[in-house]
Structures are given as structure tokens and as C-alpha cells.
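Asks: Quick one: this structure, given as C-alpha cells, is what I'll be asking you about.
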Amino acid sequence: MRLRASPNPWKTPLLILVLGMVPAVPGIFSTIAILQNAQPGHPLADLVQPRYLAAPLPILTHIIGGIVFCAIAPLQFITKLRVRYPQLHRIAGRIAFAGGFVYALTALPLLFDLPPDEDALKNWGLGFSGVAVALCLGLSLWHAIKRNISAHQLWVCRAIAIGLAGATRAVLEILAFAIPVEHSPVQEGIIMWLGMSINLAILEYYWRKRRRPRKAA
Ligand code: HEM
């Protein structure tokens, strides 16, 4: 079954652009801070944790992979570009996949540096999302090779929904601060899992809606 064309072809690329900007924009500043070895007193020192300056390679690899993915992913959803320049779509897709795998898999060693007990629920969520993004990208690639384009698109959307859940988490965190209860690591953990679940639920809803055949007028 073919997907229904979206009435607004810019909606999905713009949404992915906004979702990607949430981690990518701070990522650009963190990269500059790390590359300039921003010690206390440097204008960007507050943007970077001292342990990143001591061992910059894992975090730099993670952030640069993430920026590459976030920059290319929205372009891949511009239908006109994809149809007119299929070769460009393929090349950009390979670069985005590489960036995606790199950021998802480098998230795992970064987790070992985080406090293990206090934020266990959140850390498990981060670990789960790293593995899930890599799996979704792998399945998406597999379907692209098999020319099963609808499944390829769905799995790449799932990778985006899970990996770029930071914007949804930010909204939930603002809402949580409005509620007069004591804030705890458990609350952060719940927000971590809720952010991913909400994104996935919205994606699955819209995906199924787009697959439904249009009723005859
Ligand atoms: C599956 C998705 C992702 C997971 C599981 C993940 C995981 C992590 C982890 C564990 C850290 C270390 C946190 C710390 O040291 O306190 C981190 C830091 C960071 N990540 Fe990601 N990440 C993901 C996606 C992304 C993406 C797409 C970007 C885009 C560029 C990104 C940018 C960053 C940045 C800028 C930092 C440093 C934050 C800071 O200064 O504390 N991440 N990430």
C-alpha cells in the first residue's frame, strides 16, 4: 500500500529540523569550547564539563556524529529534493546513517562516566535509546537495500523519534517545574522514558493515519 502524500510537504522536514536543533545547537557551542580547551575564565567554560576537557575524544565523536545526523536528516525528508536528485539522497543518506550510528553507539561509553545509582532510571533510558536508535537505523538501512521504501522510512522515523526526544523532554521538564512537588532523579528518569514514548506514540498514530486509504468523496 502506498503512503498518502502529505498535504504540507514542509511539515516533516521542519519538525525534524526543530527536533535536531535542540541537541545540535548546544553541541556546536560545546564543540567550540572543547576545541578551545575552555578552562575556567574562558567565555564558553560553563558550557563544557571539565571531564570532557580531560578526555575529549568520546564526547567530540558523539557530538559531531549527532550534528551530522541532525543537519542531514531534515533534507532527506524534502520530497522534491529526493525525487529530483535520488543520487544525492543516497549519498547524504549514507553520511547521515554514519553520523547516526556514531552518536548512538558513542552514547554507551559516555554512560559509564555518569553517576550509576542516583539517576539509574534516566541512565537506563539513555542506554536503551542509544541501542534502539542503532537498531532502528540498521533496520532502515536493510529495508532501503531491499527497496522496501515504506518500511525504510518508518524505521528511520522511529530512530528520529527515539534519538531526538530531547525537545519533548524539555517541554515535560518545563511542565514538571510548574507542578509544586519535590524534583527528584526518579522524576527525571520518568521524563526520559515518557519523552521517547510520546514521540513514538505520535509517530505511530500519524503513520497509521497516512496509510489509511482516503474515503471516496
Ligand atoms: C540516542 C540518543 C542520544 C543518547 C542516548 C545520548 C547520550 C549522551 C550521554 C550519555 C551524554 C553524556 C552526558 C554527561 O556526561 O552528563 C551525552 C552528552 C551530549 N550529547 Fe548526547 N545522546 C544522544 C543524542 C545526541 C544528539 C543527536 C546530539 C546532537 C549533537 C547530542 C549531543 C550531546 C551533547 C552536546 C552532549 C554534551 C552535553 C553536556 O555538555 O553535558 N546527543 N549524550
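Throughout, read-outs are computed from the coordinates displayed, never taken from laboratory work. Here the structure is a predicted model, which is why all the values come from computation and not from measurement. Glycine gets a Cβ as well: all are built from the backbone with ideal geometry, and neighbour counts include every protein chain shown.
Asks: Any idea which of Val181, Val48, Ile145 is furthest toward the positive side of the dipole for the chain, if Lys and Arg beta-carbons carry +1 and Asp and Glu beta-carbons -1?
Replies: Ile145
Asks: Determine the relative contact order of the chain: mean sequence separation of Cα pairs under 8 Å and six or more apart, normalised by residue count, in whole percent.
Replies: It comes to 22 percent, rounded to a whole number.
Asks: Please report, in debye to the nearest 20, how large the charge dipole of the range 9-113 is about its Cα centre when each Lys and Arg carries +1 at its beta carbon and each Asp and Glu carries -1 there.
Replies: 640
Asks: Please identify, among Ile202, Ile160, Ile95, the residue showing maximal mean-square fluctuation in a Gaussian network model of the chain using a 10 angstrom Cα cutoff.
Replies: Result for the chain, Cα springs under 10 Å: Ile202 fluctuates most.
Asks: Arrange His62, His152, His89 by Cβ neighbour counts within 10 Å, fewest through most, would you?
Replies: Placing the least packed residue first, the sequence is His89, His152, His62.
Asks: Quick check: Cα centre of the range 116-179 to Cα centre of the range 65-87, how many Å?
Replies: 19
Asks: What's the angle, to the nearest 10 degrees (0 to 90), between helix 166-178's Cα axis and the longest principal axis of the chain?
Replies: 60
Asks: Could you please report the charge total around Gly195, scoring K, R as +1 and D, E as -1 over all other residues with beta-carbon less than 14 angstrom from its beta-carbon?
Replies: In short, 0.
Asks: Taking the 0 to 90 degree range and rounding to the nearest ten, how far is the long axis of helix 86-111 tilted relative to the main principal axis of the chain, both from C-alpha atoms?
Replies: The angle comes out near 30 degrees.
Asks: Let me ask another. Consider just the alpha-carbon atoms of the range 114-212 and return their Rg together with their Dmax, both in angstrom.
Replies: Computed over the Cα atoms of the range 114-212, radius of gyration and Dmax are 15.8, 52 Å.
Asks: What number, rounded to the nearest 500 deg cm²/dmol, is the helix-based mean residue ellipticity at 222 nm of the chain, given -39500 (n - 2.57) per DSSP H run of at least four residues and division by all its residues?
Replies: Calculated from helices alone, the mean residue ellipticity at 222 nm is -25500 deg cm²/dmol.
Asks: If exposed trypsin sites (Lys or Arg not before Pro) are those in a DSSP loop with at most 12 other Cβ within 10 Å, what is the longest stretch of the chain that has none?
Replies: 5-145
Asks: Have a look at Asn123, Asn37, Asn199 and tell me which one the Gaussian network model of the chain (Cα, springs below 10 Å) gives the largest fluctuation.
Replies: Asn37
Asks: Using the Karplus equation 6.51 cos²θ - 1.76 cosθ + 1.60 (θ = phi - 60°), what ³J(HN,Hα) coupling, rounded to whole Hz, does each residue of the range 52-59 give in order, writing x for Gly and Pro?
Replies: Result, ordered by residue: 6, 5, 6, 9, x, 4, x, 6 Hz.
Asks: Separate question: When the chain is modelled as a GNM with alpha-carbon springs shorter than 10 Å, which of Ala38, Ala161, Ala134 fluctuates the most?
Replies: Per the Cα network of the chain with a 10 Å cutoff, Ala38 tops the list.
Asks: Relative to the longest principal axis of the C-alpha atoms of the chain, give the angle of the C-alpha long axis of helix 11-35, reported between 0 and 90° and rounded to the nearest 10°.
Replies: 30
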